[in-house]
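Heads up, the thing below is written out as structure tokens.
The values are calculated or read from the model by the stated rules, or taken from the named source; none is laboratory data. Being a predicted model, the structure only gives us computed values, none of them experimental. Using ideal geometry, Cβ is built from the backbone for each residue, glycine included, and neighbour counts are taken over all protein chains shown. The area values use the complete protein model at the heavy-atom level, side chains included, leaving out ligands, DNA and RNA. Shrake-Rupley method; radii C 1.70, N 1.55, O 1.52, S 1.80 Å.
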Amino acid sequence: MSEAVEKVTTWDSLEGEESMAEGHEPAWQSLIGYIGERDLSDKRILDFGCNRGGFLKALYARLPYHEALGVDIAEDSVAYANDHKGEIPCTYAHNRVLANEKNSFDLAFSHEVVYLLPDLVAHAREMRAVLKTGGAYYLAIGEYAENPLWERWKKTVAEFSPVPPQTYSLQDIAKAFQENGFGVSVRRMVCDKFLPYDASDDKYLLNPMELVDFMTRYMMLFKMTAV
Ligand SMILES: C[S@@+](CC[C@H](N)C(=O)[O-])C[C@H]1O[C@@H](n2cnc3c(N)ncnc32)[C@H](O)[C@@H]1O
């Protein structure tokens, strides 16, 4: 990563990150439902791009794990996550700590993160290095070239994000992982339930159909298995 984006305090504003966590909760629950491994009691877990730590809390509540690490470039968001983690066996840190984690994790997750990474191959290699052989990386993503909403959303993200958004295709993602030590599988991540909708908030969504389409058609879940 370049020096220019080395120091990031938060990814979005305080309000933006609060509202993102609320908006992502139904998707986190859906993602947890798709995990094949249902007994995580002896597993070490990584959440890449954890922001304020909500996913690992939600995961622990449903599938208690042995230990987890959440990493993010946003230093204040990580500090918030640590201050609010409660009693769960989990630590949050800047992602530079991954340099010291080799063959460390049984499972890894990222939810809505890889479109912010400048180098998919570097990400695939880093995730392969930190995962044990046979471990899996569940990569959930809704922001990619084939999603017709992305062109508009990318402009919104570019206005506030300290790291520029990228447009990758699903094939770009699959290739980067397949060529760097992973077996790739993929499915839609369908979140077909009542979804909170705020008609006064047009940051991303202009009507309820966009929300429903996004959550039932465009969210994709890759399972990358470390070979
Ligand atoms: C859209 S948010 C998603 C946060 C969280 N995964 C969720 O589901 O709510 C993207 C997150 O990725 C983080 N991020 C961006 N670039 C990153 C990088 N190179 N390494 C680690 N985290 C990164 C941002 O700081 C932000 O917290």
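Here are a few things to note about the model shown:
- Based on Cα contacts under 8 Å between residues 6+ apart, the range 3-226 shows a relative contact order of 20 percent.
- Share of carbon and sulfur in the accessible heavy-atom surface of the range 3-226 [1.4 Å probe, %]: 52 percent
- Cross-link pairs 154/175; 57/132; 57/154 - those with Cα-Cα distance over 25 Å: 57/154
- Convex hull volume of the Cα atoms of the range 11-62, normalised per residue: 76 Å³.
- Net charge contributed by nearby residues that have their C-beta within less than 14 Å of residue 44 (K/R +1, D/E -1): -4
- Looking at the chain alone, DSSP beta bridges between its own residues are antiparallel in about 40 percent of cases.
- Inverting the pair-averaged 1/r between distinct Cα atoms of the range 19-144 gives 14.5 Å as its Kirkwood hydrodynamic radius.
- The Cα-based radius of gyration of the chain, divided by its Kirkwood radius, gives an Rg/Rh of 0.93.
- Euclidean distance between Cα centres, the range 190-227 to the range 135-149, Å: 11 Å
- Other-chain or far-sequence residues with amide H under 5 Å of residue 67's (modelled H): 43, 45
- Exposure rule at most 16 other beta-carbon atoms within 10 Å, DSSP loop trypsin sites (Lys or Arg not before Pro): the chain longest free segment: 103-192
- Rg(Cα)/(2.2 N^0.38 Å) for the range 98-227, N = residue count: 1.13
- Within the range 1-65, GluC sites (Glu not before Pro) in DSSP loop having at most 16 other beta-carbon neighbours inside 10 Å: 6, 37
- Per residue, the chain reaches -10000 deg cm²/dmol at 222 nm when only DSSP H runs of four or more residues are counted, each adding -39500 (n - 2.57).
- Separation between Cα centres of the range 82-129 and the range 11-60, rounded to whole Å: 12 Å
- Solvent exposure of the range 3-226 amounts to 47 Å² per residue of accessible area, where only protein heavy atoms count and the probe is 1.4 Å.
- A cut-off under 11 angstrom between Cβ atoms defines the neighbours of residue 110, and their net charge, with Lys, Arg +1 and Asp, Glu -1, is -3.
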